[in-house]
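To start, the structure itself, in structure tokens.
Each value in this text was obtained by applying a stated rule to the coordinates, not by laboratory testing. Keep in mind that what you see is a predicted model, and the values were worked out from it rather than measured. Glycine gets a Cβ as well: all are built from the backbone with ideal geometry, and neighbour counts include every protein chain shown.
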Amino acid sequence: MSDTEPRIWLARHGETEWSRDGRHTGLTEVPLTDLGRIQAEALGSRLTRHRFALVLTSPRSRATETARLAGFANAVTDPDLTEWDYGALEGRRTAEIAAEFPGWSIWTGPWPGGETIDQVSARADRVLARCLGLDVNGDRLIFGHGHMLRVLAARWLGLAGKSGALFGLSTASLSVLGWEHDRRIIETWNVPG
């Protein structure tokens, strides 16, 4: 691992009713469940041992609340960290969508009225540029959402955004994007908070 390059820590928000039930939650504001709040506080106990030069969060309340409960109430909101805009598919489960669009996957579409994978990938690229382009010494921490963070990890590795399909990500999990001999790697992935 490189000691000179900043690592990017990823924290997925705590459980919501929709995440628990497998409903695609993009722009809808869904609060954390009681378990989700407990998970967010547990994330804080793991994260407080580490110092971060920059802390970013999605503007969605489930992410900002997770950041606050984890001890990062002053996290900077970045609209590019918003979860995928699912358009007409918002709030629906994958099986329901596949009944209407056989073979459907969030990674392959279609996304009626929502964002394409290329649009989400472009937002992920902007977040990475912000994290790496700042003249800030130290690691970065991002509070965000399942699909967006998976796309971000794929783009970190130089893969197409749809390769995020290869990375499962649980609620209230921690992952670290790091370096090995100046090569981008996934240092840890999907560790429970």
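Tabulated data for the structure shown
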{"item": "Ile186 paired with Leu166, simple spin-label distance in nm, labels 7 Å along Cα-to-beta-carbon", "result": "0.8 nm"}
{"item": "Residues Ser19, Ser58, sorted so that the one with the fewest Cβ neighbours within 10 Å comes first", "result": "Ser19, Ser58"}
{"item": "Gained length - Glu41 relative to Thr116, 0.36 nm times residue gap less alpha-carbon distance", "result": "23.7 nm"}
{"item": "Relative contact order (%) - the stretch 65-122, alpha-carbon pairs under 8 angstrom, separation at least six", "result": "33 percent"}
{"item": "Helix-only mean residue ellipticity at 222 nm for the chain, each DSSP H run of n ≥ 4 adding -39500 (n - 2.57), per residue, nearest 500", "result": "-9500 deg cm²/dmol"}
{"item": "Label of the coordinate-derived value, Rg and Dmax of the Cα atoms in Å, listed as [x] 15.9, 49; [y] 19.9, 56; [z] 15.7, 42", "result": "[x]"}
{"item": "Distance (nanometres) between label positions extended 7 Å along Cα→Cβ at Leu27 and Arg93", "result": "2.5 nm"}
